[in-house]
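Presented below is the structure to which this report refers.
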Amino acid sequence: MEYEWKSPAEIEEKNQYFSWFYLFEDIYYFKMGGRLEEFFETKQGGWVVVPISTIQRTLSQYFDGITREMIIDSSQSWYDKELDAVVYGGGRGSRPYSPLVLSYEIKDHILTIDYTLRYDYDEGAIANDAERYRLTIELKTDGSYRYLSNKQMQ
């Protein structure tokens, strides 16, 4: 993500090829160590059922202002009112990139991380050696943190 945004709801406005739900998948994948299908109920035909409460709880750990309404509005075609869940195919067909941290600095409650991406953390292949990124997050006094920006370095 080479853009600044205050909420996952803004992602699709700034990058039409990236769904905010991919962000949830990536976070959950790394938190739980595997694909979504391994941690959520699966319906006939391989459809994955992800409760709205799980999405909200997960994204709220990293972003302010995550509401049920935002999640439901952003996933209308996948939302199942009876289950109060997003029901969809699950996954993008491959694992998300794995970041390789090059350096980091903490100053005035702001953590800055410079990194590159690997295709697969098991093999460690670098996605594009020339592409380096800078992630900036605010460290909160309660031990949590909030996303500020993530940009490709020039």
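The values are calculated or read from the model by the stated rules, or taken from the named source; none is laboratory data. No experiment lies behind these values; they were computed from the predicted model shown. All Cβ positions, even for glycine, are placed from backbone atoms using ideal geometry, and neighbour counts span all protein chains on display. Heavy atoms of the whole protein, side chains included, go into the accessibility calculation; ligands, DNA and RNA do not. Shrake-Rupley method; radii C 1.70, N 1.55, O 1.52, S 1.80 Å.
Taken together, the residues in the range 62-76 that are out of contact with any strand residue (DSSP E or B) (no Cβ under 8 Å at 6 or more places or on another chain) and within 21 Å of LEU148 (Cβ to Cβ) amount to 4.
Scanning the range 132-154 for residues that are surrounded by 13 or more Cβ atoms within 10 Å (Cβ to Cβ) and not polar (S, T, N, Q) yields ARG132, TYR133, ARG134, LEU135, ILE137, GLU138, LEU139, TYR145, ARG146, TYR147, LEU148, LYS151.
When only residues in the range 105-131 that are at pLDDT 90 or above and open to solvent by 90 Å² or more (accessible area, probe 1.4 Å) count, which is nearest to ILE72 (Cα to Cα)? Write out each step before concluding.
Here is the first cut: in the range 105-131, the ones at pLDDT 90 or above are 105-114.
Within this subset, residues satisfying the condition of being open to solvent by 90 Å² or more (accessible area, probe 1.4 Å) are 105-109.
On the way: GLU105: 37, ILE106: 36, LYS107: 37, ASP108: 36, HIS109: 33 Å.
So the residue we want is HIS109.
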